[in-house]
Amino acid sequence: PIIGLAYKELLSEFQKDDETKAIVMIGEIGGSLEVEAAKFIKENISKPVVAFIAGATAPKGKRMGHAGAIVGSADESAAAKKEALKSYGIHVVDSPALIGEEIQKILG
C-alpha cells in the first residue's frame, strides 16, 4: 500500500478507472493486510488481480528489512498468504519477474 492509503481505497480507485485492465498487488510477509484486501477484492473488484508476496524465504520470527515484515504466525507466512489469495480468486506469482507474463495470459 501507499502510506496513508489502505488497499481498499486503492483497489476501489483502480476499479473505477476505465484505463485499468488489471491490478497488480505486491505484498509481504507479516500482518494480514493482503488477506483482508483479497476478501475485499472477491466482493468488490471485477478486474483481474495478480499478486506477489515477498519474503518467501524468511524464517519465522526473523525481522526482514523493517519492523512490519516479520512472520509472527503461520498465517502470516508468504506460503499461507499466497494460498489465501488464491482461494479468493487472485492470480499469484512466485516471482515479480512473472507478473507481466501472468497479466498477458489473463488479458490474452
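Under the classification rounded if a/c is under 1.5, otherwise prolate if a/b is larger than b/c and oblate if not, where does the stretch 1-43 fall, given a ≥ b ≥ c as square roots of the Cα gyration tensor eigenvalues?
prolate
Quick check: pseudo-label points 7 Å beyond the Cα along Cα→Cβ at Ile106 and Lys47, how many nm apart are they?
1.0 nm
Hey, fewest Cβ within 10 Å first, where do Phe14, Phe52 land in order?
Ranked by crowding around the Cβ, least crowded first: Phe14, Phe52.
Grab the beta carbon distance between Ile3 and Lys39, set R0 = 25 Å, and tell me the FRET efficiency rounded to 0.05.
Working from the Cβ atoms, E equals 0.70.
Amide H of Val24 versus every other amide H placed in the peptide plane: which residues, excluding those fewer than 5 positions away on the same chain, fall under 5 Å?
Val50
Can you list the lysines whose alpha carbon sits under 17 Å from that of Lys105, skipping same-chain ones fewer than 8 residues off?
Candidates past the 8-residue exclusion: Lys21, Lys47, Lys86.
Karplus couplings for the stretch 4-16 from phi (6.51 cos²θ - 1.76 cosθ + 1.60, θ = phi - 60°), rounded to Hz, Gly and Pro as x?
Here the 3J(HN,Hα) series is x, 10, 8, 3, 4, 5, 5, 4, 4, 5, 5, 4, 6 Hz.
Any read-out appearing in this document is the output of simple, stated calculations on the displayed coordinates, not a laboratory observation. Keep in mind the model is a prediction, meaning the values are calculated, not measured. All Cβ positions, glycine included, derive from the backbone under ideal geometry; neighbour counts span all protein chains shown.
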